Each structure stands twice: as structure tokens, then as C-alpha cells.
């Protein structure tokens, strides 16, 4: 069932593993774009939450208490994301795990901070999200500072690029990546041959790509998301641009290959999850794809992995030890330290609520993301 609120869909409270919600159930909120430009990312977040909660409830819940999943669609829009977060606060959820899009999270996190609700962000990378001012907001994915710096180093040292052009979205995600990437290039002794921008909803990139074509670039860094990124790739190839594409986590979406099957080949990017990192990641990915293979939407494992791991590895154990006392729950989440499948080494949160971890480099090949094995 769906209700209408300010022009966007609010998903009804869904009780996993039971026919109706009970007062003693734990309410876990999820906010993400189930419509709008972030739909393919939001689907993955929802799928990861559903898989984690199904497993927890099937195993008896958290100390006998079932988890009730409250999924709210923010339409991938910052203003509507604030309203969506207000809805979760009004519903008195115990904890929130989700959030896609830096502009959306920068807007909605203020609601969670004021309401005093622990909020674990799984899909937004702008460095401004995690600061010393945070009390209730945590983030489990690498920031633009980590990813953009890593892809700059890979472009120069591993791919041998010497003439790099940049095309970026003007939103918080695109600008954040651009700034870090350009600073990293400067440290490596390079200046970009072209820097152009676009609006998230643009469809024609001819003017920007013409400038890149004239720059004779051997590499093009795209800092944006679906659907603009694959459209840029297709139009670049149509204009005769042969430069290799590089990017960060915004491109790590299965729709990249669907929408630009030929143009995306050879793209190198940082990603948030890859099943080849370790055996546990491989096993989880196989279970995940099997579970959602017959679903209305295709399986979206990348952000699903972060949502699933955040719930199963951090939030559920903290609910078991701290209960739903929000301050105790916040303290427990912030003190997490341990291993998570698909992430090399041990991870933990710093004093700003940012999880410290390594990101993974992948290359698009034959319609899939493959672990990058370049020099």
C-alpha cells in the first residue's frame, strides 16, 4: 500500500515476519529515493534492508522483539527528503539506516540530529556530512575525499593518463568529487585539460563534450550518477571521444552497463562493494541475487551490501546490547570496531562518525564490474 504525501510516495510500515505491528516491535526507518533520479540506488538500499530484517526476524528477532521496517521515499529530492525524515521522526522510529544522495542527506540529517535519532548513512559521500558537530549521524561508506583521491592516483600512476578532462554534476556530490579530484591531480603534478559541469536532469551534453573533444583528453572523469553518467558516455562516443572514463561510487550502479553497454566498457572506478573481495562477500552476493532474482526490480547489490551490513553487523547487535534507549544506541554504534564482509581489514568510526575503510577499484568489462587488475 502507498500513501501520497506532498507529491511523493510514503511506503507503509512493513512488518517483516509477522502479520501486524506490535507495540513492542523495534521500528527501523529507511529513507531513500524510491522514485526520481535515484530510483535504482534506492531500490538497492530497500532490498538490503528487507534481506537483513527478514533474516533477523526469522531467527527470532532482537532478544525476541521483531523489527518493523518503515520505508520512506524521498523522491531523490532534498526538500522532500526533509519531509520524509520528519515523517520517520513523527512515526517515532528507533533508528534510521539509509539515505541516498549528498544533497538529500545534508538536508535530512538535520532533522535526525534535532530529533535525537541515530542515523546511519549508506549512500551519500560528500565530506560535509560527517563533522565534529555530528552527534547522531554516522556514515558507513567512503567519502568523496577518499574515493576521488584514490581514482586520481589510479588515473595517473596506474592508467598512465596525462591529459584528463572533468565533467561533473553541479550538485553536492559532483562538486565535492570535483574539488577533491582536482586537488589530488595538482599534488600529482597535473592540471586538467578541461572542466565542465551539467545539471542532474540534463539530457543533452553536446556543448560540454565538444569542449572535452577539443582538449584531446586521454581520460575523462565523470562525477555524477545515473541516468546522466551513461548518457554522457554514449554521447561522448558518438562525438568521437575515445578517452577512457573514470569515476567514483556514483557510477557504481548496474544500470551503467544497461544504459551504456558499449560506451562504458573499460571504465575504471571506485566502488562501494565487490563480491570478489573475500569469500564472505561472494557468498552473500550469491544469496542476495538469488533472493531478488524474481523480484519486480532487478537485484542491486552494491548499496544493498552497505544497508545489509549496517543493519546486521552494527545496528542489530547494538539494539541487542543497548536496547532502544537512543543515547545508549548512539554510543554503541559510534564505538563499533570489527570486520565487515567485502571490506579489507578492520573498520571503525572516527570522532565525526565516519567509518574508516578502504574502497575498491573495479573495471567495467563484458557488462559487469570486475576487480581491477591493472598495473
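The values are calculated or read from the model by the stated rules, or taken from the named source; none is laboratory data. The structure displayed is predicted, hence computed values, not measured ones. When we count neighbours, we look across all protein chains shown, and the Cβ atoms used for this are built from the backbone with ideal geometry, even at glycine.
Per-structure values
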{"quantity": "Residue in region 285-296 that is within 30 Å of residue 244 (Cα to Cα) and at pLDDT below 90 present", "calculated": "no"}
{"quantity": "Test: residue 299 is under 30 Å from residue 220 (Cα atoms), assigned to a loop (DSSP other than H, G, I, E, B) and out of contact with any strand residue (DSSP E or B) (no Cβ under 7 Å at 6 or more places or on another chain)", "calculated": "yes"}
{"quantity": "Region 100-125 residues that are outside the structural domain of residue 26 (by TED's automatic domain parsing) and farther than 17 Å from residue 79 by Cα, paired with ones that are surrounded by fewer than 24 Cβ atoms within 10 Å (Cβ to Cβ) and at pLDDT below 95 (beta carbon under 9 Å, 6 or more apart)", "calculated": "none"}
{"quantity": "Search result, residues across region 303-313 that are surrounded by 24 or more Cβ atoms within 10 Å (Cβ to Cβ) and either touching a helix residue (DSSP H, G or I) at 6+ places or on another chain (Cβ under 6 Å) or on the phi > 0 side of the Ramachandran plot (or both)", "calculated": "303, 304, 307, 308, 311"}
{"quantity": "Any hit, region 49-62, residues being surrounded by 24 or more Cβ atoms within 10 Å (Cβ to Cβ), within 30 Å of residue 199 (Cα to Cα), within 16 Å of the chain's Cα centre (by Cα) and in the same structural domain as residue 334 (by TED's automatic domain parsing)", "calculated": "no"}
{"quantity": "Region 93-109, subset in a loop (DSSP other than H, G, I, E, B) and in contact with a helix residue (DSSP H, G or I) (Cβ under 8 Å, 6 or more places away or on another chain), residue surrounded by the most Cβ atoms within 10 Å (Cβ to Cβ)", "calculated": "101"}
{"quantity": "In region 229-271, residue surrounded by the fewest Cβ atoms within 10 Å (Cβ to Cβ) [restricted to those that are without any contact (Cβ under 8 Å) to a residue 40 or more places away in the chain and part of a loop (DSSP other than H, G, I, E, B)]", "calculated": "240"}
{"quantity": "Residue 68 out of contact with any helix residue (DSSP H, G or I) (no Cβ under 8 Å at 6 or more places or on another chain), assigned by TED's automatic domain parsing to the domain that holds residue 324 and either more than 23 Å from residue 199 (Cα to Cα) or assigned to a helix (DSSP H, G or I) (or both)", "calculated": "yes"}
{"quantity": "Meets criteria (over 19 Å from the mean Cα position of the chain (by Cα) and outside any loop (DSSP other than H, G, I, E, B)) for residue 112", "calculated": "no"}
{"quantity": "Tally, over region 192-223, of residues that are on the phi < 0 side of the Ramachandran plot, at pLDDT 95 or above and part of a loop (DSSP other than H, G, I, E, B)", "calculated": "10"}
{"quantity": "Residue that is farthest from residue 314 (Cα to Cα), among those in region 1-60 that are at pLDDT 50 or above and part of a strand (DSSP E or B)", "calculated": "32"}
